[in-house]
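Step one of this worksheet: look at the structure below.
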Amino acid sequence: MSTAACAEPPGAPPPRPPLIPSLPDDVALNILARIPRCYHPTLSLVSKQMRSLVSSPSLYTARSLLPCTQHFLYLSIRFRESPSLHFYTLHQGPTKNPKNTLIPLPPIPSPSLVGSAVATVDHTIYVIGGSINDVPSPRVWSLDCRTHAWEPTPSMRVSREFAATGVFDDKVYVIGGCVVDSWVRSKNWAEVFDPKLGEWNSVPSPIETRDKWMHASAVIDGKIYAMADRNGVFYEASSGCWGVAESELDLGWRGRACVIDGVLYCYDYLGKIRGYDAKEGAWRELRGVEKGLPRFLCGATMANFGGKLVVVWEGVERGGSGSKKEIDVWCAEIEVEKGKGGELCGNIKWCDVVLTVPSGSSIVHCSAVTL
């Protein structure tokens with residue numbers, strides 16, 4: 001066969017250079033997937049191929065299969081001067097230089113959202129509903145945490161603000177946040193979103209469970225809890241059954257919480273972190289963190305950070321007068337475990353200021369993503 005017969009056809013794109021010279025791409029991908037994500041910005045400077053790789057799905061699929069995944073924290077903060085939501089991710093430096101800092105992300109392409117809900121499925125964070133100029137919205141935005149790119153997501157069937165959310169079986173459930181004053185809203189008081197199909201569907205709910213404002217939500221043992229001002233309900237997605245939240249849970253829950261190994265963690269009216277063991281039906285104080293953490297009377301939120309408890313809160317106002325006053329955003333990572341007799345024990349791994357913001361700013365959401 002002649003050399004001309006083996007030549008590329010005219011106009012064909014040139015062959016793509018290898019990721020690593022002298023190595024097959026599958027071997028190179030296996031090597032590069034093991035590199036911690038904090039080094040990806042430096043890796044992207046090596047070549048165009050590397051720059052494309054660090055944001056490609058193939059890299060994150062390889063990291064998951066190896067497995068070499070890491071956990072990442074995402075926050076949204078509202079400034080007094082700028083009511084729009086500002087999103088950040090926690091950058092944790094290499095082991096030899098463990099500096100923890102919040103890094104700003106591209107802004108969400110939406111006007112000011114008040115009372116929006118957040119849910120996380122795989123590598124995607126969904127920002128759901130919220131009011132714009134005091135008008136509730138059905139809009140949903142999604143943040144791809146691999147590329148930090150925002151995309152519009154199919155809207156809900158009804159507009160919502162201050163709704164409860166929960167994820168079960170990779171589907172997003174949204175409960176409440178709307179006034180049941182019409183047949184359409186009554187039918188869609190609860191909805192479910194399937195990211196694979198890209199569509200919302202109504203979830204039938206008995207009328208006695210319905211309320212508008214939901215101040216907290218969590219998923220415990222497959223039950224999606226939605227807590228209103230005076231009561232709470234749960235929806236068991238596997239059976240399609242509704243129920244009233246346990247009286248002990250309703251009395252002890254204060255706002256932004258998270259679930260780790262079946263235990264619901266939050267802070268109580270005394271500012272102490274407590275955990276509710278659903279199997280035992282009892283609250284217990286988290287011991288071992290009293291000296292390292294302040295009392296969380298308000299302004300704190302929590303997340304399950306790969307089995308560890310992360311708490312983020314607003315520090316004490318300091319500085320000059322007016323616009324010159326600032327507050328520090330603090331973050332602590334805590335190892336939690338259940339001891340003998342059911343007591344809850346915590347060990348603070350680190351606690352530090354991760355961002356300084358103008359006075360009057362407030363933490364809105366806190367989520368953890370595995371990449």
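Here is a check on your reading of the model: is Pro104 more than 16 Å from the chain's Cα centre (by Cα) and surrounded by fewer than 20 Cβ atoms within 10 Å (Cβ to Cβ)? Answer is no for this residue. Looking across segment 190-209, just one residue is under 20 Å from Gly232 (Cα atoms) and in contact with a Pro (Cβ under 9 Å, 6 or more places away or on another chain), and that is Ala190. Selection of segment 103-143 for residues being in contact (Cβ under 8 Å) with a residue 40 or more places away in the chain, farther than 19 Å from Cys178 by Cβ and outside any loop (DSSP other than H, G, I, E, B) yields Thr120, Val121, Thr124, Ile125, Leu143.
Among the residues in segment 201-210, are any within 20 Å of Ser116 (Cβ to Cβ), of a type outside the set (D, E, K, R) and out of contact with any helix residue (DSSP H, G or I) (no Cβ under 8 Å at 6 or more places or on another chain)? Within segment 201-210 (the criterion being within 20 Å of Ser116 (Cβ to Cβ), of a type outside the set (D, E, K, R) and out of contact with any helix residue (DSSP H, G or I) (no Cβ under 8 Å at 6 or more places or on another chain)), the answer is yes, since at least one residue qualifies.
Of the residues Lys279, Lys291, the single one that is of a type in the set (Lys, Arg), loosely packed, with under 13 Cβ neighbours inside 10 Å and more than 21 Å from Gly342 (Cβ to Cβ) is Lys291.
Given the structure, is Val127 farther than 26 Å from Lys349 by Cβ and either out of contact with any strand residue (DSSP E or B) (no Cβ under 9 Å at 6 or more places or on another chain) or in the same structural domain as Ser361 (by TED's automatic domain parsing) (or both)? In short, no.
With respect to the stated conditions, Pro21 fails to be at negative phi, touching a residue at least 12 places away in the same chain (Cβ under 8 Å), surrounded by fewer than 12 Cβ atoms within 10 Å (Cβ to Cβ) and part of a loop (DSSP other than H, G, I, E, B). Filter segment 258-276 for residues that are modelled with pLDDT of 90 or more and small (Gly, Ala, Ser); which is surrounded by the most Cβ atoms within 10 Å (Cβ to Cβ)? Checked segment 258-276; the qualifying residue surrounded by the most Cβ atoms within 10 Å (Cβ to Cβ) is Gly275. For segment 164-183, the candidate set comprises residues that are of a type in the set (A, V, I, L, M, F, W, C) and assigned to a loop (DSSP other than H, G, I, E, B); within that set, the residue that is surrounded by the fewest Cβ atoms within 10 Å (Cβ to Cβ) is Val179. Filtering segment 336-371 to residues that are more than 20 Å from Thr101 (Cα to Cα) and surrounded by 20 or more Cβ atoms within 10 Å (Cβ to Cβ) leaves Val336, Leu344, Gly346. Quick check on segment 144-163: of everything there that is over 14 Å from the mean Cα position of the chain (by Cα) and not in a loop (DSSP other than H, G, I, E, B), which residue is farthest from Glu199 (Cα to Cα)? Per the criteria, the residue is Ala149.
None of Leu29, Leu90, Leu43 is within 19 Å of Leu143 (Cα to Cα) and either touching a residue at least 40 places away in the same chain (Cβ under 8 Å) or out of contact with any Pro (no Cβ under 6 Å at 6 or more places or on another chain) (or both) except Leu90.
Table: residues versus (1) under 24 Å from Trp350 (Cα atoms); (2) out of contact with any Gly (no Cβ under 9 Å at 6 or more places or on another chain); (3) at pLDDT 95 or above; (4) in a strand (DSSP E or B).
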{"site": "Tyr225", "(1), (2), (3), (4)": "no, no, no, yes"}
{"site": "Val233", "(1), (2), (3), (4)": "no, no, no, yes"}
{"site": "Thr301", "(1), (2), (3), (4)": "yes, no, no, yes"}
{"site": "Asn304", "(1), (2), (3), (4)": "yes, yes, yes, yes"}
{"site": "Val310", "(1), (2), (3), (4)": "yes, yes, yes, yes"}
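It is to be established whether one or more residues within segment 312-335 are loosely packed, with under 15 Cβ neighbours inside 10 Å, modelled with pLDDT of 95 or more and either touching a Lys or Arg at 6+ places or on another chain (Cβ under 8 Å) or closer than 28 Å to Val167 by Cα (or both). So far as segment 312-335 goes, yes, one or more of its residues are loosely packed, with under 15 Cβ neighbours inside 10 Å, modelled with pLDDT of 95 or more and either touching a Lys or Arg at 6+ places or on another chain (Cβ under 8 Å) or closer than 28 Å to Val167 by Cα (or both).
Just to check your reading of the model, which residue among Ser247, Ser186, Ser217, Ser205 is surrounded by 23 or more Cβ atoms within 10 Å (Cβ to Cβ) and polar (S, T, N, Q)? Selected residue: Ser217, the only one of Ser247, Ser186, Ser217, Ser205 that is surrounded by 23 or more Cβ atoms within 10 Å (Cβ to Cβ) and polar (S, T, N, Q).
The values are calculated or read from the model by the stated rules, or taken from the named source; none is laboratory data. Everything numeric here is computed off the predicted structure, so don't read it as measured data. Here the Cβ is made from the backbone with ideal geometry for all residues, glycine too, and neighbour counts use every protein chain on show.
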